[in-house]
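Read the structure below first, then the notes.
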Amino acid sequence: MAEQDARDPDHLTTTTEQGRFCVAHCTCGWRGPARRARSQARTDASAHETDALGVRQGAEADGQA
């Protein structure tokens, strides 16, 4: 059986460069703050995906999804 991707298709993040800054974006419309450190923008994106996945799993457990 193939391993399933735990990422939520409604919350796929990317980072883009805007001048000296890097910004994380999500397919849900979320946008992180502009960061000078790419690593921090990636951390913001990862935290958003984790938060979104946790909210979704909580809603499924409550029978709301």
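Between Leu12 and Thr27, Cys28, the built amide H atoms are under 5 Å apart, and every one of these is 5 or more places off in sequence or on another chain. Once both labels are positioned 7 Å from their Cα atoms along Cα-to-Cβ, the gap between Arg31 and Asp51 label points is 1.6 nm.
Taken together, the values in this text are just the output of simple stated rules run on the coordinates, not laboratory data. Please read these numbers as outputs of a predicted model, since none were measured by experiment. So basically every Cβ, Gly included, is an ideal-geometry build from the backbone, and we count neighbours across all protein chains shown.
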